[in-house]
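Chemist: Let me give you the structure first, and then I'll get to my questions.
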Amino acid sequence: MNIKIENWKLIVLAAFYFIFAFVSYRVEAQEFLSFFRIAGIAITIIGGLQILSYCLKKDYMKPQDFSFSLGLLLLFGGLVVFNKAEFIVENYRPVIASLIVLDSILRLQYSMNLLRVNDAKWKVHTLLAIVPIVLGIVLVLVDLGSLLANYFSFLLILDGSANIYTVLYYRSFIKNYERVNRDREKELAAQDHEVIVKETHS
C-alpha cells in the first residue's frame with residue numbers, strides 16, 4: 001500500500017463529504033448537474049494519471065500492485081458519472097451512500113493491517129469502518145422519509161471524520177513503527193559489534 005497516495009485519497013474524499021454535507025442543505029438537487037459532470041471529468045483524469053503512473057514506474061514487478069486496475073475503474077467510473085449525471089442528480093443520496101459503503105469497506109484494510117501487527121487501536125478503526133457501512137446500506141435500502149436529509153448529512157460528516165482520523169493515526173503509527181525498527185536494528189548491530197570485539201580479544 002502506497003501510504004502517501006492512499007492518505008491523499010482519504011483526505012480528498014473527506015473534503016468532498018464535508019463540503020457536500022453543507023452544500024446539500026443549501027442547494028437544490030437539480031443544480032448539482034454541473035458539479036457531477038465536473039466530478040466525472042476529474043475522476044476520469046485521475047484514473048488516466050494513475051494508469052500513466054503505473055506504466056512509468058520502474059519497480060513494477062509487485063504482485064499486489066493493483067494501481068493499473070484501479071486506474072481503469074476510476075476511468076470507467078468517471079465516464080459513467082459524466083454521462084449519467086442526470087441519473088445521479090435524481091438519486092444522489094443513495095449513489096453517494098454507496099460510495100461511502102465502498103470507501104468504508106476499503107478502509108477496513110487499515111484496521112486489518114493494525115490487527116496483524118497487534119496494535120490496540122484496530123478495534124476503533126474497525127468500528128469506524130463498519131458503522132458507516134451499516135448506515136450507508138440503511139440509507140440505500142430503507143425509506144427514511146423526513147429523516148433523510150439529516151441522516152445523509154450525518155453519514156457524510158461521520159465518514160469524512162473517520163477518513164481524517166485514519167490518515168492521522170496511520171501516519172503516526174507508520175512513523176513509530178519505522179522508528180522502533182531502526183532502534184532495533186541499531187541494537188542488533190551494537191550486539192553484533194560487541195560479540196566481534198569479544199571474539200577478537202579472546
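The values are calculated or read from the model by the stated rules, or taken from the named source; none is laboratory data. These numbers come from a predicted model, not from an experiment. Don't worry about glycine lacking a Cβ; one is built from the backbone with ideal geometry, like all the others, and counts go over all protein chains shown. These area figures cover heavy atoms from the full protein model, side chains too; ligands, DNA and RNA do not enter into them. Shrake-Rupley method; radii C 1.70, N 1.55, O 1.52, S 1.80 Å.
Chemist: Against the definition (modelled with pLDDT under 80, open to solvent by less than 60 Å² (accessible area, probe 1.4 Å), farther than 16 Å from L106 by Cβ and among the small types (G, A, S)), how does A29 come out, yes or no?
Modeler: yes
Chemist: Which ones in segment 117-128 are open to solvent by 40 Å² or more (accessible area, probe 1.4 Å) and modelled with pLDDT of 85 or more?
Modeler: W122, K123, V124, L127, L128
Chemist: Of all residues in segment 129-157, which are assigned to a helix (DSSP H, G or I), modelled with pLDDT under 90 and open to solvent by 40 Å² or more (accessible area, probe 1.4 Å)?
Modeler: Those that are assigned to a helix (DSSP H, G or I), modelled with pLDDT under 90 and open to solvent by 40 Å² or more (accessible area, probe 1.4 Å): V140, L141, G145, S146, L147, L148, N150, Y151, F154, I157.
Chemist: Regarding L79, is this residue modelled with pLDDT of 80 or more and closer than 21 Å to L148 by Cβ?
Modeler: no
Chemist: Further question on the same structure: Considering only residues that are of a type in the set (S, T, N, Q) and in contact (Cβ under 8 Å) with a residue 40 or more places away in the chain, look in segment 78-99 and name the one that is surrounded by the fewest Cβ atoms within 10 Å (Cβ to Cβ).
Modeler: N83
Table: residues versus (1) part of a helix (DSSP H, G or I); (2) farther than 28 Å from V23 by Cβ.
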residue: L79; (1), (2): yes, no
residue: F87; (1), (2): yes, no
residue: V101; (1), (2): yes, no
residue: L114; (1), (2): yes, yes
residue: D119; (1), (2): no, yes
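Chemist: Just to be sure, is I96 assigned to a helix (DSSP H, G or I), touching a helix residue (DSSP H, G or I) at 6+ places or on another chain (Cβ under 6 Å) and under 20 Å from I11 (Cβ atoms)?
Modeler: Values: assigned to a helix (DSSP H, G or I): yes; touching a helix residue (DSSP H, G or I) at 6+ places or on another chain (Cβ under 6 Å): no; under 20 Å from I11 (Cβ atoms): yes.
Taking the combined requirement at face value, the residue does not satisfy it.
Chemist: Where residues in segment 1-26 are within 20 Å of I105 (Cβ to Cβ) and charged (D, E, K, R), which of them is modelled with the highest pLDDT?
Modeler: This residue is K9.
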